[in-house]
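All remarks here apply to the structure that follows.
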Amino acid sequence: MELGISTFVETSPDIHTGEVMSHDQRLREVVEEIVLADQVGLDVYGVGEHHRTDFSASAPAVLLAAAAAQTKRIRLTSAVTVLSSDDPVRVFQDFATLDGISNGRAEIMAGRGSFIESFPLFGYDLNDYEELFEEKLELLLAIRASEKVSWRGGHRPAFHNLGVYPRPVQDPLPVWIASGGTPQSVIRAGTLGLPLALAIIGGSPANFAPLVQLYKKAAVQAGYDPKQLPIASHSHGFLADSNEQAAELFFPSTQERMNVLGRERGWGPYTRASFDAARGFEGALYVGSPETVARKIIFLRKHVGITRFLMHVPLGTMPHEQVMRAIELLGTEVAPIVRKEIADWED
């Protein structure tokens, strides 16, 4: 069972002071967070791609490369790369470069993205949303499979028998499919034999178990062994010494960000009652003491089949020292509980 952190490198206004952190300061903080995650024994750190003022990481591979030179073991992944609006050649080159710098620790988590700012920015039509992803994923996998590629599609200039460099240390370079939980996306991942990452940020995580089974069924039908295919979850969370402390520290920025997104997307207001319900044992918020969060992760493994858990922290802007403490607790206290119990259970 792998455990790690994901972040969108947010620079939203501080809920207490109203101050807005500069992009450069937050980027430097995230490098420190990745280094700490490596030091405390976490397995993976993911950075999400966004193209708006309240997020700093429009180029995750660059940020991850800055941390790669200062870390030894932790895997470094996008979370996600918005492949639909990107160039698969450049995506492969960026992450192959990261793979070289990190000596084989890079991954690509490819998704369509729940934010749409990158489409007009790079000149794509949202009407082509589905077609763009399918075509660009096909090209990315072709580049991964062969040093020289010939390509002709509907949304990128054709090329013939051209090499794409550098080649990565890992062969193949890991490519995951990130999904918000639609049957079509999990079937696509299974059919292609690619690892699956599920964004579990609402409702009951147990409801994702049928999707995992659908993914495994698709993999079997395509000739793949599902036991060889990792399955990750990405959920909001926060750790402190007690459940009460964790909730009090995490709720203000969570409410602010959820209400910002809610106004953009037509959701209802996010309340403390919503927050408390979600941090219950069967809810999708992993907020609490190390023991509480560990038990929820173990439940997720046993009842959904997740083999990698990514805690998304912070949500909104939080003090850097609080985020660092949460990362420390995940590595030093949660991870040993989870790994031991799952190892004993699986034995």
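The values are calculated or read from the model by the stated rules, or taken from the named source; none is laboratory data. Everything numeric in this text was worked out from a predicted model, so none of it was measured. Every residue, glycine among them, receives a Cβ derived from its backbone with ideal geometry; neighbour counts consider all protein chains shown. For accessibility, only protein heavy atoms count, side chains too; no ligands or nucleic acids. Shrake-Rupley method; radii C 1.70, N 1.55, O 1.52, S 1.80 Å.
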* GNM result for the chain, Cα springs below 10 Å: residue of Val220, Val287, Val80 fluctuating most strongly -> Val220
* Once the convex hull of the C-alpha atoms of the chain is built, how many Å³ does it hold per residue, rounded to a whole number? -> 132
* **Kirkwood Rh and Cα Rg combined as Rg/Rh, region 173-239** => 0.98
* What's the Kirkwood radius of region 68-180 in Å, using all Cα pairs? -> 14.6
* Of the heavy-atom accessible surface of region 170-223 (probe 1.4 angstrom), what whole percent is carbon and sulfur? -> 60
* Structure fact -> The rounded separation in angstrom of the Cα centers of region 28-60 and region 177-191 is 25
* Asked: Considering only the other residues whose Cβ falls under 15 Å of the Cβ of Thr182, what net charge follows from Lys and Arg at +1 and Asp and Glu at -1?
  -> 0
* **FRET efficiency, Gln221 to Ile342 (Cβ-Cβ, R0 25 Å, nearest 0.05)** => 0.35
* Tell me the GluC sites (Glu not before Pro) within region 1-52 that lie in a loop according to DSSP and have at most 12 other beta-carbon atoms within 10 Å. => Glu19
* Mean shadow of region 65-116, computed from the convex hull of its alpha carbons, in nm²? -> 3.6
* To do: Give the whole-number value, in cubic angstrom per residue, of the convex hull volume spanned by the C-alpha atoms of region 193-347.
  => 118
* To do: Calculate for the chain the 222 nm mean residue ellipticity that helices alone would give, adding -39,500 (n - 2.57) per DSSP H run of length 4 or more and normalising by residue count, nearest 500 deg cm²/dmol.
  => -14000 deg cm²/dmol
* To do: Quickly work out the Glu19-to-Asn259 label distance, labels modelled 7 Å from Cα along the C-beta direction, and quote it in nm with one decimal.
  => 2.2
* Take the alpha carbon atoms of region 3-24, find their center, do the same for region 251-323, and report the distance between the two centers in whole angstrom. => 16
* Structure fact -> Relative contact order of region 244-347 (C-alpha contacts under 8 Å, at least 6 apart) in percent is 29
* To do: Normalising by the residue count of the chain, find the relative contact order in percent from Cα pairs under 8 Å and 6+ residues apart.
  => 19
